[in-house]
1. Within the range 1-20, how many residues are at pLDDT below 80, among the acidic types (Asp, Glu) and surrounded by 12 or more Cβ atoms within 10 Å (Cβ to Cβ)?
2. Quick check, is residue 23 surrounded by 12 or more Cβ atoms within 10 Å (Cβ to Cβ), at pLDDT 85 or above, among the aromatic types (Phe, Trp, Tyr) and in a helix (DSSP H, G or I)?
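The values are calculated or read from the model by the stated rules, or taken from the named source; none is laboratory data. None of the values given here were measured: they were computed from a predicted structure. Every residue, glycine among them, receives a Cβ derived from its backbone with ideal geometry; neighbour counts consider all protein chains shown.
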Amino acid sequence: MEEFWEVVAGHEDNQISECSDLFVHLIMYLNGMGITIEDISNELNSRRWKEKQNNNQHITEQITKEIIIGITTSKYTEKTDRFAEEELGIKITRHSNRNFQVHGEIIDENKFSKYFGNEATMKLSFHSIKPKDMIWLLASKRVTHIISFE
């Protein structure tokens, strides 16, 4: 653990040296447990070439049936709501106080279908998220769309 903290706390000039020390200590520890580099390489190789399960198909089917929109709940909520209503055809309903639940209702099917397709075949749900979390949630397909004024 000491070597790990030296890597974390070390200066940029010493990173290669500290990482080398950490790697050597890890190899020594693994050898003491009877695990060789070849064992690790074989395991990583088998993971690399193992057939992917069909979980990705299920996720894709689920996303096409449901539109999950991440929307900000902190700053500029009026502007965000106005944008959603004027441009996307969705009326946003927010609760007061510390309740961050967000609901949406399609008020203009033409505007909505322009961006999202036929609304009759899809379920629309909203999740309140922080602007800093929007990108990774979109990249990991936890949300399909994001609305933010920022």
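1. Matching residues across the range 1-20 total 2.
2. On the way: surrounded by 12 or more Cβ atoms within 10 Å (Cβ to Cβ): yes; at pLDDT 85 or above: yes; among the aromatic types (Phe, Trp, Tyr): yes; in a helix (DSSP H, G or I): yes.
The answer is yes for residue 23.
Listed here are the residues, each with its yes/no results for (1) within 25 Å of residue 137 (Cα to Cα); (2) modelled with pLDDT of 75 or more.
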position	(1), (2)
31	no, yes
39	no, yes
49	no, yes
63	yes, no
72	yes, yes
92	yes, yes
95	yes, yes
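For (1) hydroxyl-bearing (Ser, Thr, Tyr); (2) free of Cβ contacts under 8 Å to residues at least 12 places away in the same chain; (3) closer than 21 Å to residue 66 by Cβ, each residue gets a yes or a no:
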{"position": "77", "(1), (2), (3)": "yes, no, no"}
{"position": "84", "(1), (2), (3)": "no, no, yes"}
{"position": "89", "(1), (2), (3)": "no, no, yes"}
{"position": "100", "(1), (2), (3)": "no, no, yes"}
{"position": "115", "(1), (2), (3)": "yes, no, yes"}
{"position": "122", "(1), (2), (3)": "no, no, yes"}
